[in-house]
Amino acid sequence: MPGGGYDFVPLMEGVREWTAGADLALCNLEVPLAPPGQAVTGYPVFGAPGELVPALAELGWDGCATATNHALDRGAAGVDHTLDVLDAAGLGHVGTARSDAEAAAPQLYRLERGGRELVVAQLSATTIMNGQAAPASSPWAVTRADVAVMTGQARAAREAGADVVVANVHWGVEYTHSPVDEQLRIAAELARGGQVDVLIGSHSHVPQPIDRLPGGPRGEGMWVVYSMGNFLSNQDEACCTMETATGIMTTATVRVAADGPAAVTALDWAPVTVDRADSRRIYPLDELVRGARPDGLGLDATTVAARHVRVTEVMGAERMRTEPPTRRATLRR
């Protein structure tokens, strides 16, 4: 960008309608920000540029889950700096913490529409730490995925007024397109706990299916997407597998009764893909399949079609969404 530094907005501009259009847009922030005085680095020990966070805010994101296997790549300083920058940008966060109290509390988002308030609580935890341990002075720096603890946090959030609970879990095995036993077990146990409405998975870097499991609030079921795959990334066929060039945006539909509980009635998905070889921009994949050719797009029609076919094979066409949402609620924290 002019004057130096990084500008992430053009890389994600293609999905602005989706992120800015959602009443509540939540992301998974895979890596910490590089603390002041430290260099920006990529794989295997990450430290992202600070400009990433205000770009997320500019594009309509409201908050991020931060518990991942890379959360401690820059140690406690990276955890603290990342959360400070998120705070400065007005974005919510959960999964890493600067204090024991912060670690124990969910992130709450309050949505208002038509005189009715909807409170959404977000939790975030990881099963994977890349062999890293939190500092002895801050064992709560990264939230570990303990089903009993997460269920208790979700119950406490509901007792404090949350209508809907969303839980993010970083889990599973990279580059696998179906959930492994650990994911199935954790999801089933969280569903049986009856406190979580939507469970969102990450870590595999490729999409994994959506399901609705028995249990959930009031026994109405718990929605789970086992992995969102990649969003903005530096992976595709050239380094990894074709599926790493794709990911999904999920949209939860919440029914709010006039005098009753809120309920998540659907979890739909829309595919995205990254043009890593040329612009490194991300686009709604369905639009490219239908013939859209944004300026600077380097992907050819054959590649676009192959990616779309594969992600649809994994996710199934039943819940595919082709139109972005429209923001109608007002958010306050």
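Quick look at the values:
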| quantity | calculated |
| --- | --- |
| Residues being buried (at least 20 other Cβ atoms within 10 Å of the Cβ) and either in a loop (DSSP other than H, G, I, E, B) or acidic (Asp, Glu) (or both) - total across the range 17-45 | 9 |
| Among the candidates GLY95, GLY75, GLY131, GLY114, residue that is under 20 Å from the mean Cα position of the chain (by Cα), on the phi > 0 side of the Ramachandran plot and of a type outside the set (Asp, Glu) | GLY95 |
| Filtered residue count, the range 135-157, keeping only those that are in a loop (DSSP other than H, G, I, E, B), within 23 Å of VAL173 (Cβ to Cβ) and touching a residue at least 40 places away in the same chain (Cβ under 8 Å) | 2 |
| Which listed residue, of ALA55, ALA105, ALA97, is closer than 27 Å to ARG332 by Cα, in contact with a strand residue (DSSP E or B) (Cβ under 9 Å, 6 or more places away or on another chain) and crowded, with 19+ Cβ neighbours inside 10 Å | ALA97 |
| Matching residues in the range 278-296 - criterion: being among the hydrophobic types (A, V, I, L, M, F, W, C) and in contact with a Lys or Arg (Cβ under 8 Å, 6 or more places away or on another chain) | LEU285 |
| Whichever residue in the range 135-172 is exposed (fewer than 15 other Cβ atoms within 10 Å of the Cβ) and within 21 Å of the chain's Cα centre (by Cα) and, among such residues, is nearest to ASN69 (Cα to Cα) | ASP146 |
| Conditions (1) under 20 Å from GLY95 (Cβ atoms); (2) surrounded by fewer than 18 Cβ atoms within 10 Å (Cβ to Cβ): number failed by ALA48 | (2) |
| Given (1) under 20 Å from the mean Cα position of the chain (by Cα); (2) in contact (Cβ under 8 Å) with a residue 40 or more places away in the chain, index of the condition THR273 fails | (2) |
| Failed item, numbered, when TRP223 is tested on (1) touching a residue at least 12 places away in the same chain (Cβ under 8 Å); (2) of a type outside the set (S, T, N, Q); (3) over 28 Å from LEU52 (Cα atoms); (4) surrounded by fewer than 20 Cβ atoms within 10 Å (Cβ to Cβ) | (4) |
| Elements of type strands (runs of 3 or more DSSP E) contained in the range 218-305, each with 3 or more residues being touching a strand residue (DSSP E or B) at 6+ places or on another chain (Cβ under 7 Å) and of a type in the set (Val, Ile, Thr) | 246-256, 262-275 |
| Residues of the range 53-97 satisfying the condition of being under 27 Å from ARG327 (Cα atoms) and in a strand (DSSP E or B) | GLY63, CYS64, ALA65, GLY92, HIS93, VAL94 |
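Condition check ((1) free of Cβ contacts under 8 Å to residues at least 24 places away in the same chain; (2) of a type outside the set (S, T, N, Q); (3) under 29 Å from ALA167 (Cβ atoms); (4) surrounded by fewer than 19 Cβ atoms within 10 Å (Cβ to Cβ)) across all residues:
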| site | (1), (2), (3), (4) |
| --- | --- |
| SER227 | no, no, yes, no |
| ASN234 | no, no, yes, yes |
| CYS240 | no, yes, yes, yes |
| LEU285 | no, yes, yes, no |
| ARG290 | yes, yes, no, yes |
| ALA306 | no, yes, no, yes |
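Since every read-out is calculated from the coordinates, none of them should be taken as a lab result. Keep in mind it's a predicted model, so treat the numbers as computed, not measured. Here Cβ is always computed from backbone atoms with ideal geometry, including for glycine, and neighbour counts include all displayed protein chains.
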